[in-house]
Amino acid sequence: DGGITQSPKYLFRKEGQNVTLSCEQNLNHDAMYWYRQDPGQGLRLIYYSQIVNDFQKGDIAEGYSVSREKKESFPLTVTSAQKNPTAFYLCASSRAGGGNEQFFGPGTRLTVL
Amino acid sequence: AQSVTQLGSHVSVSEGALVLLRCNYSSSVPPYLFWYVQYPNQGLQLLLKYTTGATLVKGINGFEAEFKKSETSFHLTKPSAHMSDAAEYFCAVTRGGQAGTALIFGKGTTLSVSS
């Protein structure tokens with residue numbers, strides 16, 4: 001089945017540690033996205049990539065980094081510079097073009113201890 | 001700049017009643033509009049979208065939405081609520097420009113359905 005996988009589903013991190021969230025898609029989509037979800041805040045865009053080896057900052061990129069070395073993969077690293085990283089992280093992908101829907105993964109819940 | 005406002009963070013209805021979730025948008029370019037649904041601790045699923053053409057859009061699970069340019073609205077409706085409709089609903093608009101397909105989301109509306 002085609003879709004988006006995110007791993008792990010739950011992640012615990014100590015303060016001061018970097019952590020990488022995985023996102024893989026087999027939909028052959030060019031574009032991929034990372035969103036952060038906090039209660040009552042909706043989804044906020046962290047980074048997006050419209051093509052391999054290229055990505056742009058979203059609205060809340062500080063303290064995060066990404067790479068896009070392969071079309072299928074768009075990992076997100078939450079660095080120790082992110083002041084409040086506890087949140088639900090959602091990865092999505094879509095075909096190029098503004099009218100195309102985004103397909104979402106099941107999410108990773110990150111908790112900083 | 002594009003923005004989305006969802007009126008009412010929480011809506012409660014009885015089973016069988018009309019569901020109306022409100023969404024207003026602001027966009028400097030012709031908008032592409034979406035409604036997504038999220039069940040607890042899951043990703044988002046597309047309900048319906050408006051790109052061009054017919055302004056009344058039908059989606060999955062009996063939902064529909066009407067694009068009204070003059071009112072800058074894209075409200076979501078369902079004639080008869082079911083218990084399984086209880087979830088969080090998000091309205092979104094495409095950012096456009098260099099951001100291409102990236103979306104701006106509203107803050108969401110939680111729908112509760114009572115028997």
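Coordinate-derived values only; no laboratory data. Remember, it's a predicted structure, so these values are computed and weren't measured experimentally. Glycine gets a Cβ as well: all are built from the backbone with ideal geometry, and neighbour counts include every protein chain shown.
What FRET efficiency, computed as 1/(1 + (r/R0)^6) with R0 = 25 Å and r the Cβ-Cβ distance, is obtained for B:S9 and B:L46, rounded to the nearest 0.05?
Working from the Cβ atoms, E equals 0.70.
How many percent of all Cα-Cα pairs in chain B sit more than 18 Å apart?
The proportion of pairs with Cα distances above 18 Å equals 47 percent.
Remind me, relative contact order of chain B in percent, using alpha carbon pairs under 8 angstrom and six or more residues apart?
So the answer I get is 36 percent.
Would you calculate the volume per residue, in Å³, of the smallest convex hull containing every Cα atom of chain A?
About 98 Å³ per residue, rounded to a whole number.
Treating only the Cβ of Lys, Arg, Asp and Glu as charged (+1, +1, -1, -1), what charge dipole size does chain A show about its Cα centre? Round to the nearest 20 debye.
280 debye
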